[in-house]
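First comes the structure, then the notes that go with it.
What follows is calculated from the coordinates using simple rules that are stated; it is not laboratory data. Please read these numbers as outputs of a predicted model, since none were measured by experiment. With ideal geometry, Cβ positions are generated from the backbone for all residues, glycine too; neighbour counts draw on all protein chains shown.
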Amino acid sequence: MKRISVQAQDFDVAGEMAALEALGGGGVASFTGVVRGGDGLVALELEQYPAMTQAQVARIVDDAMARWPLLGVSVIHRYGRLEPGARIVFVGTASRHRTAALESCAFLIDWLKSHAPFWKKEHFEDGATRWVEARAEDEAKAKGWGG
Amino acid sequence: MTALTIVYFAWVREAIGRDEEQVDRPAAGARIADLVEMLAARGGGYAQALGDPARLRAAIDQRFAPLDTPIGEAREIALFPPVTGG
């Protein structure tokens, strides 16, 4: 199973997990990214490169499926305006082996952070805005997986 | 010779004030970096957005590409800051 969705609307984590569990592998790992509040943040705006995003995420998923014995992968990434507490991204992996499920899940989120064409802009309560800067450590984490 | 489409994202798009435009295809052998330099020379928002290539990333026909990649027969070049998804 390979499910990739780039969407504006929210998603149902329980439903995604159930679909991965139903594959019968016995091991399911997941990561959910949520907008962090604080410092007067009122919203995150996620911009994407629509013509590229889906294909690029699919390449990253294919990489994961080539590296680990996976029965299923689900990646959902939202775009648009998201308020604190809103879900941004979901990665779920299913395998017969827990190491494969856990490692591939970590690989996928590391690679999405540094290799998927999304940009985050922060909106604050005083009206100020700021583009989030890429962090060198995120790039280093992705590189740490090699390949 | 077909025109070349350039698309901009995030603060590059904001500084330039547009998300897409067509330009004349640069001379054979030109790299993305040459295109960036040519656009930055327009001044104003272009210089602001593209004046420091070290802050930029690029894609050719929807695939990431280093700035020293030749443009070749590409149809679409994208210029943007390092990505911050996930």
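Extending each Cα 7 Å along its Cβ direction at B:M38 and B:E21, get the distance between those two points in nm, one decimal.
Spacing of the two 7 Å Cα→Cβ label points: 1.3 nm.
Would you mind checking which residues have amide H under 5 Å from A:V132's amide H? H placed 1.01 Å from N; only 5 or more apart, or other chain.
Counting only residues 5 or more places away or on other chains, the set is A:K120, A:K121, A:E122.
Can you sort A:M1, A:M65, A:M52 from fewest to most other Cβ atoms within 10 Å of each residue's own Cβ? Mind showing how you got there, number by number?
Values: A:M1 13, A:M65 16, A:M52 20.
So the residues, fewest neighbours to most, are A:M1, A:M65, A:M52.
Treating only the Cβ atoms of Lys and Arg (+1) and Asp and Glu (-1) as charged, compute the dipole magnitude of the protein assembly as shown about its Cα centre; round to the nearest 20 debye.
Values: 26 positive and 31 negative charges, 115 e Å.
That gives the protein assembly as shown a dipole magnitude of about 560 debye.
Rounded to the nearest 500, what is the 222 nm mean residue ellipticity of chain A from helices alone, with -39500 (n - 2.57) per DSSP H run of 4+ residues and division by all residues? Could you put the intermediate results ahead of the total?
Details: 4 runs with 54 residues, N = 147.
For chain A, the value works out to -11500 deg cm²/dmol.
If you rank B:F9, A:F124, B:F64 by fewest surrounding Cβ atoms within 10 Å, what's the result? The partial results should precede the final answer.
Details: B:F9 22, A:F124 13, B:F64 16.
By the 10 Å Cβ count, ascending, the order reads A:F124, B:F64, B:F9.
Once phi is turned into θ = phi - 60°, what whole-Hz ³J(HN,Hα) does the Karplus curve with 6.51, -1.76 and 1.60 give for every residue of segment A:74-90, x standing for Gly and Pro?
10, 10, 10, 10, 8, 9, x, 8, 10, 8, x, x, 6, 6, 9, 9, 10
Order of B:T2, B:T69 from fewest to most other C-beta atoms within 10 Å?
B:T2, B:T69
Within chain A, what is the longest stretch that has no GluC sites (Glu not before Pro) placed in a DSSP loop and near at most 15 other beta-carbon atoms within 10 Å?
Numbers: sites that count: A:E125, A:E133.
Between the exposed loop sites, the longest stretch runs A:1-124.
Using θ = phi - 60° and the Karplus relation 6.51 cos²θ - 1.76 cosθ + 1.60, list the HN-Hα couplings for segment A:59-68 in order, rounded to whole Hz, with x at every Gly or Pro.
With coefficients 6.51, -1.76 and 1.60, one gets 5, 5, 5, 4, 4, 4, 6, 7, 8, 10 Hz.
Mind jotting down a quarter of the surface of the convex hull over the alpha carbons of segment A:1-64, in square nanometres, one decimal?
6.0
Over the Cα atoms, compute the radius of gyration (one decimal) and Dmax (the largest Cα-Cα distance, rounded to a whole number) for segment B:4-80, in Å.
Values for segment B:4-80 (Cα only, Rg and Dmax): 11.0, 30 Å.
I want to make sure I understand the PRE zone here: with the label point 7 angstrom from the Cα of A:M1 toward its beta carbon, which residues in segment A:87-108 have backbone N atoms less than 11 Å away?
Of the residues in segment A:87-108, A:92-95 have backbone N under 11 Å from the label point off A:M1.
For chain A, find the longest principal axis of its Cα atoms and tell me its angle to the long axis of helix A:98-115, 0 to 90°, nearest 10.
On a 0 to 90 degree scale, this one is about 30.
Using θ = phi - 60° and the Karplus form 6.51 cos²θ - 1.76 cosθ + 1.60, what ³J(HN,Hα) does each residue of segment B:68-76 get, whole Hz, x for Gly and Pro?
8, 6, x, 6, x, 9, 4, 9, 9
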